């Protein structure tokens, strides 16, 4: 095997590769910024056309790719198909001409009057952050939903409890460290933990996604981590010594009881947000067209009569034969 | 269901959406062009660092995502792991300052001396083309490989035959329509068809990919189709009548015997090229790092001891816990 690389060679090159990855990442941010600006008028045009097609988004959701569809329970489908009026993704940190991170996104769902909740609009904002530890990704805040009756709460009380815990956290002040050890939990946290264990068994509602929080990384921590990371790269590029990082050691010294994701009701919340913003949203016309074609080709009710795997196979066959192009960025399973 | 959209409303909006898709596509081309230019110096920097790590690409291939890995047979692994020296992706239609299509790509593999073939370099070029029918995608030409002995031909003669048929096609002249009906096949085409049927059963070698041709769409057809498509969109946008298209009707009148993919030895050749250029190539450092970490974490030989699904699950768990970021653009299966 040619895979024998000496430890020494590795050490020299490994750090260079890691720093290079960061440079690629910075380019990617520039590219997203460019893409958002370039496509903005087209998305506005699309929204205008869609206002003539009230069933557009429900149809798109019926054809949603597995990375979205897997999170939609049958009870969610009922309200989404009958009441979802509009869906929009915005890059709220740059849309107003600002210089913010284009990877931060807001996903806004508009609803018609329905029997489940009072809200006409539910908007989930996710901020792209960098932790001191080097982790980067999306974090968020719970979005409360005003259920019409307790029996109509699709999350079975999970979302209300997450909001309650979040309110408690806010009261402790912005600088306070979150409580991440089960033995220190408040009564509301204990109740939440217990409910997560019972409700999760049957599959958490799509609406539980509005409760996703992710890692508690403040804007300040993120900005400081990004600045320090950039400075360290600059020093390494100039062949200078990089000062030891006390914070990093502190992080490695983590307590085993620590479980920052222990009270997360929708642990894949960031993944779902990315699937919506990078696949469902840009490829919506393709999913809609595909729903129309499915309807034309056969009288079978695909909704009930065919499972996802079958549909995937059909699509793949069509692609192999050079049929319609697959939605942008969509990968084979 | 809100999915009840009247046929009339649909007709009005459907064409607008379809035209809008093309505008998005044109933007996407601009974005790729921007991305290629922006990342070019970084890829050059990466190649320089990698020259110190001769085992880099074999390790990346060992960790290749399923959409690449599924095409690598055990016999391919042997030569790839022991002899692959370098892999590069270029956007050859624009790299020299031209205004060509940035979606056209060349994938170049460099090899050390090995017992299978004489070639030190194998380069597969794929051109992005638009057909009169509206189909768009990648087409290519066979790349011959000089096997050292017939017994060393990993494609079991498939590639040589594809090259032979391609040479015959070229002799008939650039304007000649390809022979796509089995009853009109030349002896070489008949032999190829027969070999495809016998060899495909056991799985075609990765090196069969060098024989991928795709649809026979010339540069002229592509350019004309693109110009006409743009003109028709302009007319529709101005509310003017679009002339009937005779070519389209001709295409719909296709003979059922026609099988333009009947002599394709690697029908997914375009998909594999895209998986390499949009995933393996940009995310190579991440796959390499992941191979290193896999090696560090355990003494188990992951190569033999763990199947892909298990690895995927591990990755997903890590992601859910907020570990390393997944490679860019990588989707969940």
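Since every read-out is calculated from the coordinates, none of them should be taken as a lab result. Worth saying up front: this structure is predicted, and the values here are computed from it rather than measured. All Cβ positions, even for glycine, are placed from backbone atoms using ideal geometry, and neighbour counts span all protein chains on display.
By how many nm would the segment from residue B:201 to residue B:135 grow when fully extended, if each residue of separation counts as 0.36 nm and the alpha-carbon distance is taken off?
Values: separation 66, 0.36 × 66 = 23.76 nm, distance 2.91 nm.
So the extension gain works out to 20.8 nm.
Relative contact order of the stretch A:7-320, please, whole-number percent, based on alpha carbon pairs below 8 angstrom and at least 6 residues apart.
Relative contact order, the stretch A:7-320: 20 percent.
Quick one: grab Rg to one decimal and Dmax as a whole number for the stretch B:28-145, Cα atoms only, in Å.
16.1, 48
Taking residue A:15 in one copy and the same position in all the others, each labelled 7 Å out along Cα→Cβ, what are the pairwise distances from the first, in nm, shortest first?
Spelled out, the distances from residue A:15's label point are 6.4 nm.
Give me B:118, A:7, B:293 ranked fewest to most by other Cβ atoms within 10 Å of their Cβ, as a rough exposure proxy.
A:7, B:118, B:293
For the stretch B:150-291, compute Rh as the Kirkwood radius over C-alpha pairs and then the Stokes-Einstein diffusion coefficient at 20 °C and 1.002 mPa s; write the answer in µm²/s, rounded to an integer. Kindly include the intermediate steps, with their values, before the conclusion.
Values: Rh = 18.4 Å.
The Stokes-Einstein estimate is 116 µm²/s.
Considering only the label points, 7 Å along Cα→Cβ from Cα, what distances in nm to one decimal separate residue A:170 from the same position in each other copy, shortest first?
Label point to label point, same position, other copies: 7.0 nm.
Measuring label to label, 7 Å along Cα→Cβ, what does residue A:123 give against each other copy in nm, shortest first?
With the label placed 7 Å along Cα→Cβ, residue A:123 yields 5.1 nm.
Please arrange A:128, B:34 by how many other C-beta atoms lie within 10 Å of their C-beta, fewest to most.
B:34, A:128
Which residues does a label at residue A:191 reach in the stretch A:128-166, if reach means a backbone N under 20 Å from a point 7 Å past the Cα toward the Cβ?
A:142-166
Which whole-angstrom value gives the distance between the alpha carbon centres of the stretch B:86-143 and the stretch A:55-127?
Between the Cα centre of the stretch B:86-143 and that of the stretch A:55-127, the gap is 39 Å.
Can you give the FRET efficiency to the nearest 0.05 for residue B:110 and residue A:86, using r as the Cβ-Cβ distance and R₀ = 51 Å? Intermediate results must be reported in sequence, preceding the final value.
Values: r = 51 Å, r/R0 = 1.01.
Result of the calculation: an efficiency of 0.50.
For the residue pair residue A:261 and residue B:11, what label-to-label distance in nm results when each label sits 7 Å from Cα along the Cα-to-beta-carbon direction?
With each label point 7 Å from Cα toward Cβ, the separation is 5.2 nm.
May I ask for the Kirkwood hydrodynamic radius of the stretch B:14-298, worked out over all distinct Cα pairs and given in angstroms to one decimal? Show your work: numbers first, answer last.
Values: mean 1/r = 0.0474 Å⁻¹.
Across the stretch B:14-298, the inverse of the average 1/r is 21.1 Å.
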